[in-house]
Structure formats: structure tokens, C-alpha cells
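The values are calculated or read from the model by the stated rules, or taken from the named source; none is laboratory data. Please read these numbers as outputs of a predicted model, since none were measured by experiment. Ideal geometry is used to build each Cβ from the backbone, glycine not excepted, and the neighbour counts take in all protein chains shown. With ligands, DNA and RNA removed, areas are computed over all heavy atoms of the protein, side chains included. Shrake-Rupley method; radii C 1.70, N 1.55, O 1.52, S 1.80 Å.
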Amino acid sequence: QVQLVESGGGLVQAGGSLRLSCAASGIIFGAHNMRWHRQAPGKQRELVAQITSGGTPNYADSVKGRFTVSRDNAKNTVYLQMNTLKPEDTAVYYCSAVRLKTYWGQGTQVTVSS
């Protein structure tokens, strides 16, 4: 049974930082590309960052220079370090594991107050 469990969300003031974690089980973690997505109220889910199985990161333009994605294959965990947060970063953040199939976590709420 595949499980992706996000944690680390919360309420933070603009300019602050949060670190999200996504712990995976039931998959060969090191073989999967890992992604972070977010969905704000009334908006479509968008891809925020990806880290490939080989460790190459990619970012949406809206978060470049502020967010950093990383992975620890020994812990089956992917992270999203979010700095200089803005109110427009407010959303539910989801991680996904992508290989032949895509698996999703349940999401964690991030709220940035102005």
C-alpha cells in the first residue's frame, strides 16, 4: 500500500519560512521523481517543484529563488524549504511520486498572512 504523508504546514507571516516534508512508503522511493504541487482556493492545482530520481531540481517561475526541493532517499522523504513566503503562496500543498503511476499525498495547508 502506497502512502505519501505531508507535514510541516501551518500559519506564517509574510517573509517567513516553512519546511514541508513528505514521507513515502510502499514505493521504491529512489526510483521516483518527486513533486510538490499546490492548490489555492478557486484555482487549479499547479506544479511548484520537482526533484528527479537523480536529484535534479526544477521550479515554477513563481517560486524560483525562494523555494528549495530536496530528497533523502535513506529516509524516503522529500522536502520543500519555503523562504520569503508571500500571501499568494497560501494553498494546500501536495506531494506526488511519479514513475509509471502517480501517487498523491493528502496535502498540508500553508497559510501566509500579510
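Residues that are at negative phi, surrounded by 15 or more Cβ atoms within 10 Å (Cβ to Cβ), in a loop (DSSP other than H, G, I, E, B) and among the hydrophobic types (A, V, I, L, M, F, W, C) are absent from the stretch 34-48 altogether. Annotation: Gln106 fulfils all but one of (1) more than 16 Å from Gly9 (Cβ to Cβ); (2) touching a residue at least 24 places away in the same chain (Cβ under 8 Å); (3) of a type outside the set (Val, Ile, Thr); the unmet one is (1).
Here Tyr94, Tyr59 are screened, and the one residue that is within 27 Å of Gln1 (Cβ to Cβ) and of a type outside the set (A, V, I, L, M) is Tyr94. Ser53 passes every criterion in (1) without any contact (Cβ under 8 Å) to a residue 60 or more places away in the chain; (2) surrounded by 15 or more Cβ atoms within 10 Å (Cβ to Cβ); (3) in a strand (DSSP E or B) apart from (3).
Of the numbered criteria (1) modelled with pLDDT of 95 or more; (2) surrounded by fewer than 15 Cβ atoms within 10 Å (Cβ to Cβ), the one Thr108 fails is (2).
The residue that is surrounded by the fewest Cβ atoms within 10 Å (Cβ to Cβ), among those in the stretch 56-77 that are among the aliphatic types (A, V, I, L, M) and under 21 Å from Gly16 (Cβ atoms), is Ala60.
If you go through the stretch 63-114 and keep only what is on the phi < 0 side of the Ramachandran plot, of a type in the set (Val, Ile, Thr) and out of contact with any Asp or Glu (no Cβ under 7 Å at 6 or more places or on another chain), you end up with Val63, Thr68, Val69, Thr77, Val78, Thr90, Val92, Val98, Thr102, Thr111. Of the residues in the stretch 79-102, at least one is of a type outside the set (S, T, N, Q), open to solvent by 60 Å² or more (accessible area, probe 1.4 Å) and modelled with pLDDT under 95.
If you go through the stretch 5-20 and keep only what is surrounded by 14 or more Cβ atoms within 10 Å (Cβ to Cβ) and over 18 Å from Arg66 (Cβ atoms), you end up with Val5, Glu6. Listed conditions (1) closer than 18 Å to Gln81 by Cα; (2) aliphatic (A, V, I, L, M); (3) open to solvent by less than 60 Å² (accessible area, probe 1.4 Å) are all met by Val2, apart from (1).
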